[in-house]
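Written out below as C-alpha cells is the structure these notes cover.
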Amino acid sequence: MFALDFKNVHTHFFMAFGMKQTRVFQVNPEEPQTEAIGEAAAIIKAGGLVAFPTETVYGLGADALNADAVRALFAAKNRPLDNPPIVHVADVSGVYKLAQEVTPKAELLMKQFWPGPLTLVFKRYPDVPMVTTAGLETIALRMPNHKVAFALIKESGVPVAAPSANLAGAPSPTTAQHVFDDLNGRIDAILDGGPTCIGVESTVLDVSVDPPMLLRPGGTSLEALNKVVGEVQLHPFITSLAELPAEKARSPGMKHKHYAPKTPLVLVEGPSVVVMSKIKELISLCWFEDKQVGVLATDETAWAYEADVVKSMGSHRNVDAIAANLFRLLREFDAENVDLILSESISIEGLGLAVMNRLRKASGYKIIRPAVVQG
Ligand code: TXA
Ligand code: MG
C-alpha cells in the first residue's frame, strides 16, 4: 500500500527551496549533554552552521578556518562581507595560533576577563582565511563563559567564528526562539540552552594599539577595563550622538545599521523628569495623528505613561537587568504592531554605556534631547 512519508516530503520541500532543515537540540546549560554537543560539533567540523548560547547572546558558529563555511555563515545572516565575525576559542593557546604580537597588556586582560564578555582585537596571522577577517590585518578573539559554548568549541577542535545569531540588522538573540524566528531553514542546528544572562554582546577592545581602544561597549564595563589596564581610548563612534561618516569606522560593525526593531524608535535623552514630560507630549502628538505608540520605560516611570503599550526595561538601580531585557523587549515591540516606540534613556555607568549605545543605534540616531529649563 502507498504510504506518504511525511519526513521525506518535508525534506524534499526544504531542498527544493534551497532551505535547510534546522534541528533544535535542548541542552542543559550547566551540564551540556555529550550526545547533543557531539552532533553539533560534527556539523561544525563538516562545514555546517550551529547556533549556540554564550553568556552574552546566542552566536552562530562555523569553523573559522574553513572559508566556505564562513562564507555560508555570512549568507545565512545576510551579513555584509566587510563585517568580520568574532572568533571564539576554548583555551588561551588558541590565541597564539591566530594572533601575532600578544602584548603583556593583552595577556593581563585575558587573565583577568577570560572566559568572559571581552573580545580582543589583535594583529592576525596571515594563514587565517581572508573571509574570516573580511580582509583586515586584525582578528577579533574571545573566550566565552558558557558551558555549552565551551563544550562545542572544545569538541569541534577548531576556532569557531560566531557573530550574533540574528539576521543582519536585527536585535541580537537572547533566546533560542529568537534564533529560530530569524534563521529557521537557513542554518543546520540550534543548541537551546535557555536565555542568555548578560543580554548585550561582548565589549570589543582593540589591543593592537596602545592605549587600547574601545570599539564596542558591551558586557565588560569600561570602569572594569580601566582598573586593569589604566587608560582606554574611546572610539568617537561610541560617544557620538549622531551618525558619523562610514570612513571613520575602525570596527566594520560600527557603520552598519544594528539592533533595530522593525518599528521606528525615537530615543529621548536627558534627566528623567524632562524625558518623561517630553515622552508624554510625543504620545499626545501620536494619538492626534491616529498612530499607535509604545513606550520603553523603566520600573520607576512606567506607571506614569498612558500609551498603547508600555514596557519596562527594569529598574535604574539594576542596569544589569536592563541589559538582560533590552533585546527581548525590542523584539516584543515588533509583535505589538505599534507605529512608533518612544524610549527613555539610562545612565552610562557600567553596562549602561552598552545599553545606551544599542538604543542609539536602534533609533538610527533619531535622538531627542529636550532643553532643561533652568530655574
Ligand atoms: O557577545 C558577542 O560578542 C557575540 C557572541 C556570540 O560572542 N558575538 C557578536 O558578534 O556580537 P558580532 O559578529 O555580531 O559582532 C562582532 C563585532 C562587529 O561589530 C565587528 O565589526 C567587530 O566585532 N569586529 C570583528 N572583527 C574585527 C576586527 N578585526 N577589528 C575590529 N572590529 C572587529
Ligand atoms: Mg551582531
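Since every read-out is calculated from the coordinates, none of them should be taken as a lab result. It should be emphasised that the depicted structure is a prediction, and the values quoted were computed from it without experimental measurement. Cβ atoms come from the backbone with ideal geometry, glycine included; neighbour counts cover every protein chain shown.
Summary table below
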| read-out | value |
| --- | --- |
| DSSP bridge orientation in the chain - percent antiparallel, rounded to nearest 5 | 40 |
| Average Cα contact separation per residue, the range 232-366, under 8 Å, 6 or more apart, as relative contact order % | 35 |
| Efficiency of FRET between Val274 and Ala46 - r from beta-carbon atoms, R0 56 angstrom, step 0.05 | 0.50 |
| 14 Å beta-carbon shell around Val179, net charge (K/R +1, D/E -1) | +2 |
| Trypsin sites (Lys or Arg not before Pro) restricted to DSSP loop in the range 264-297 with at most 13 other C-beta within 10 Å | Lys291 |
| Over the chain, relative contact order from alpha-carbon pairs under 8 Å, at least 6 apart, % | 18 |
| HN-Hα J in Hz across the range 37-46 - Karplus 6.51, -1.76, 1.60, θ = phi - 60°, x for Gly and Pro | 4, x, 5, 5, 5, 5, 5, 4, 4, 8 |
| Distance in nm between pseudo-label sites at Ser347 and Lys111 (7 Å out along the Cβ direction from Cα) | 3.2 |
| Among Leu244, Leu359, Leu167, residue whose mean-square fluctuation peaks in a GNM of the chain (springs only between Cα atoms under 10 Å) | Leu244 |
| Label-reachable residues, the range 81-112, where backbone N falls under 14 Å from a point 7 Å from Glu137's Cα toward its Cβ | 100-101 |
| Among Gly199, Gly314, Gly219: highest mean-square fluctuation, GNM of the chain, C-alpha pairs under 10 Å | Gly314 |
| Candidates Leu215, Leu108, Leu65, ranked by Gaussian network fluctuation over the chain, Cα under 10 Å, top entry | Leu108 |
| In the range 262-317, the chymotrypsin sites (Phe, Trp or Tyr not before Pro) that fall in loop regions by DSSP, at most 12 other Cβ within 10 Å | none |
| Net charge over other residues, Cβ less than 11 angstrom from the Cβ of Arg317 (K, R count +1; D, E count -1) | -3 |
| D (Stokes-Einstein, µm²/s), Kirkwood Cα radius, the range 221-354, 0.692 mPa s at 37 °C | 200 |
| Efficiency of FRET from Cβ geometry, Val24 and Ile367, R₀ 51 Å, rounded to 0.05 | 0.85 |
| Projected label distance in nm at Asn184 and Glu243, using a 7 Å step from Cα toward the beta-carbon | 3.2 |
| P(r) histogram, all alpha-carbon pairs of the range 9-239 included - 10 Å bins from 0, percent | 8, 35, 37, 16, 3, 1, 0 |
| Approximate spin-label separation Tyr96-Arg250, in nm, with each point projected 7 Å along Cα-to-Cβ | 2.8 |
| Computed lengthening from Asp210 to Asp68, 0.36 nm per intervening residue step minus Cα-Cα distance | 47.7 nm |
| Estimated FRET transfer efficiency (Arg317, Glu231; beta-carbon r; R0 41 Å; 0.05) | 0.90 |
| Added length on full extension, which subtracts the Cα-Cα distance from 0.36 nm per residue, Glu281 to Ala224 | 16.7 nm |
| Full-extension gain in nm, Trp303 to Lys154, via 0.36 nm per residue minus C-alpha separation | 48.9 nm |
| Given charges at Cβ of Lys, Arg, Asp, Glu: the chain dipole, positive-most of Val87, Val373, Thr22 | Val87 |
